[in-house]
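Beneath this line is the structure, given in structure tokens, with notes to follow.
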Amino acid sequence: MNIVRFNRRDMPLWYAALGELDLEIVAAGFGKQVRAWKMHAAFSGDNYYRLYLPLRGTFCLEFEDRTWEISAGTVYLVPPGTPFSYRPVTPSDHYWIHFVSRKLATIPAGRELQFSRLDHPAKTRQAFQNTLNKIGSMTGIAESLDARNSVFCLLAPLLEKILSGMPDPAAAGGVFAPVLDHVDEHLEAPLQVEDLRKLCGMGRAEFSACFRKTFGIPPKQYIVRRRMLRAKHLLWRTKLPVKEIAQQCGFADMRFFCRSFKKNTGMTPGAYRKSGGMD
């Protein structure tokens, strides 16, 4: 009997991260001759990743500090929680898949727009179509696992960039992992930066500087962003009253919650829920 053995402790950091990756498919489809995105409020964040394979035409994703032109020959991954707006250039044909991955969102590179040039465009196009067919046929556990694995395969070149570029456990969220977990587990309660910095044993100035360098935003802004994403998720996936959702997301004042939500998404909570959450 041949037994293949390997020492997991000797494997690179990305190996452990890959084993912990979660993926929940939200929706998928093919857009033909798309000229506008009516459901997306300008400069609002999403609560899911967007995977794009453009085939014809061009559109732009406009972020606060940069613009990305989305065109054929490349696959793109747009992270959740980053405000952006669409701008059409020419009518676009493209495949799209929306999915949620909490683990991927804790890795710095997983919170940045990623892209990969295609070596075999026709083969990739067929793989996207096959994946859409599998997603549309998810009726049981086996079909769901098959569809999820197909999405992982589509993500492979992007995951290779994201995971292999992890410089050390701190950058991968190791130092801040307790902070991220604490924030997500206590969004309904008051959260103080002083309490968060104690979780990773840093001084206040060092914590704020390192956090901003790693995540691109200050701790307080990160908390607000996570609360907004939680609110969007609850509006999207539950029938809870808006007042209860506000409380679960740490907003005691309903009016303040509604103002903050509209400022963040461009829509009221009620309008967002009616839109189906697919912003």
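The values are calculated or read from the model by the stated rules, or taken from the named source; none is laboratory data. Quantities reported herein were computed from a predicted structural model and do not represent experimental measurements. Positions of Cβ are backbone-derived with ideal geometry, glycine not excepted, and every protein chain shown enters the neighbour counts.
Every residue, every condition in (1) farther than 17 Å from residue 20 by Cα; (2) modelled with pLDDT under 90, yes or no:
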residue: 83; (1), (2): yes, yes
residue: 96; (1), (2): yes, no
residue: 100; (1), (2): no, yes
residue: 119; (1), (2): yes, no
residue: 126; (1), (2): yes, no
residue: 154; (1), (2): yes, no
residue: 157; (1), (2): yes, no
residue: 171; (1), (2): no, yes
residue: 185; (1), (2): yes, yes
Residue 194 under 25 Å from residue 257 (Cβ atoms), modelled with pLDDT under 90 and among the acidic types (Asp, Glu): no
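Right, residue 189: part of a loop (DSSP other than H, G, I, E, B) and either assigned by TED's automatic domain parsing to the domain that holds residue 111 or aliphatic (A, V, I, L, M) (or both) or not?
Spelling it out, residue 189 is indeed part of a loop (DSSP other than H, G, I, E, B) and either assigned by TED's automatic domain parsing to the domain that holds residue 111 or aliphatic (A, V, I, L, M) (or both).
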Note on segment 223-271: residues at pLDDT 85 or above, surrounded by 14 or more Cβ atoms within 10 Å (Cβ to Cβ) and aromatic (Phe, Trp, Tyr) are 251, 257, 261
Across segment 187-219, the tally of residues that are out of contact with any Lys or Arg (no Cβ under 9 Å at 6 or more places or on another chain) and exposed (fewer than 14 other Cβ atoms within 10 Å of the Cβ) stands at 8
Here the residues within segment 139-156 that are under 22 Å from the mean Cα position of the chain (by Cα) and either assigned to a loop (DSSP other than H, G, I, E, B) or surrounded by fewer than 18 Cβ atoms within 10 Å (Cβ to Cβ) (or both) are 144, 145, 146, 149, 152, 153, 156
Residues of segment 116-137 being touching a Leu at 6+ places or on another chain (Cβ under 9 Å) and not charged (D, E, K, R), in sequence order, are 116, 118, 121, 124, 127, 128, 131
If we keep only residues of segment 1-57 that are among the charged types (D, E, K, R) and more than 28 Å from residue 118 (Cα to Cα), then the residue modelled with the lowest pLDDT is 8
**Request:** Inspect segment 87-105 for any residue being out of contact with any strand residue (DSSP E or B) (no Cβ under 8 Å at 6 or more places or on another chain) and surrounded by fewer than 16 Cβ atoms within 10 Å (Cβ to Cβ) and give the result as yes or no.
**Result:** yes
